[in-house]
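The values are calculated or read from the model by the stated rules, or taken from the named source; none is laboratory data. As the structure is a prediction and not an experimental result, all values here were calculated from the model. A quick note on method: Cβ atoms are made from the backbone with ideal geometry, for glycine too, and the neighbour counts reach across all protein chains shown. For the accessible areas, the whole protein counts, side chains as well, though only heavy atoms, and no ligand, DNA or RNA atoms are used. Shrake-Rupley method; radii C 1.70, N 1.55, O 1.52, S 1.80 Å.
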Amino acid sequence: MVKDDKIRRSFANKTWQEIKVKDSWQIFKIMAEFVDGFEKLAKIGPCVSIFGSARTKSDHKYYEITVEIARLLADKGYGVISGGGPGIMEAANKGAHDAGGKSVGLNIELPFEQFHNKYIDRDKLLEFNYFFVRKVMFTKYSQGYIVMPGGFGTMDELFEAITLIQTGKIARFPIVLVGTEYWKGLFDWIANSMLGNAYISEEDLKLYRFVDTAEEAADHIFRFYDKYLMKPNF
């Protein structure tokens, strides 16, 4: 099994020279991804990131809602950033592309599922090896998050954003969760268990907003920035 081979290799003895060479080259690869991302994304202007499952089919209601959200954002001059792959990511890029807006894809190399979709602007497709570099690009150049239903990757991106805002590491920006029926159980648990045990504060529950329609999602972004000048978050 491939996974078993990886585990065995991780426990194999390595010389100091092997470790040093491998780590040095990895640092350069990480730096290259940061430099490429910063150079391309700094030129794009105000953007909103849209997250959600790669497994969402094109006839699903959340796919259709995502297309409409991206269209509404593009009509107002916002660029749309997605993870670059299929499903909700494709829907986000499709909506922006069809509206003539800026359609950005931050694709990640994975052994399954992830291939970049055809609706990304050719000069705005970035390929990443490292999740953490990719997440820096999302948080640095997004002025808002639209979070559609998704799996572990979506949760990772959502809670990364909430944590960075909660701890003051980035500026506060709108986080919109689409699909109350999907998110309710999770956030009821957060309110009851996390807040109930004093692991978060009452104010932390105000860092996100639940909506059910494309219009509500886009309007929340628009209303928030009626009061603020948009700029990179850090």
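Could you count how many residues in region 105-139 are assigned to a helix (DSSP H, G or I) and within 15 Å of the chain's Cα centre (by Cα)?
9
Can you name the condition, by its number, that K102 falls short on among (1) open to solvent by 40 Å² or more (accessible area, probe 1.4 Å); (2) at pLDDT 90 or above; (3) over 14 Å from A70 (Cα atoms)?
Here K102 clears every test but (3).
Out of all the residues in region 76-104, which are in contact (Cβ under 8 Å) with a residue 60 or more places away in the chain and over 16 Å from the mean Cα position of the chain (by Cα)?
K76
List pairs: first residue in region 148-159 and more than 17 Å from V67 (Cβ to Cβ), second residue part of a loop (DSSP other than H, G, I, E, B) anywhere in the structure, Cβ distance under 6 angstrom, at least six positions apart or on different chains.
Qualifying pairs under 6 Å: G151/S53; T154/G52.
Can you pull out every residue in region 68-99 that is of a type in the set (A, V, I, L, M, F, W, C) and either closer than 23 Å to V133 by Cα or crowded, with 24+ Cβ neighbours inside 10 Å (or both)?
I69, A70, L73, V80, I81, I88, M89, A91, A92, A96, listed by residue number.
Would you please name the residue that is farthest from I88 (Cα to Cα), looking only at residues in region 140-192 that are assigned to a helix (DSSP H, G or I), open to solvent by 40 Å² or more (accessible area, probe 1.4 Å) and small (G, A, S)?
In this case the residue turns out to be G185.
State all residues of region 109-122 that are free of Cβ contacts under 8 Å to residues at least 60 places away in the same chain and surrounded by fewer than 20 Cβ atoms within 10 Å (Cβ to Cβ); if no residue qualifies, say none.
Answer for region 109-122, where residues must be free of Cβ contacts under 8 Å to residues at least 60 places away in the same chain and surrounded by fewer than 20 Cβ atoms within 10 Å (Cβ to Cβ): E109, L110, P111, F112, E113, F115, K118, D121, R122.
When you look at A54, is it loosely packed, with under 12 Cβ neighbours inside 10 Å and touching a residue at least 60 places away in the same chain (Cβ under 8 Å), yes or no?
no
Those residues that are assigned to a loop (DSSP other than H, G, I, E, B) and open to solvent by less than 10 Å² (accessible area, probe 1.4 Å), I need them from region 57-67; list them, please.
Scanning region 57-67 gives no hits.
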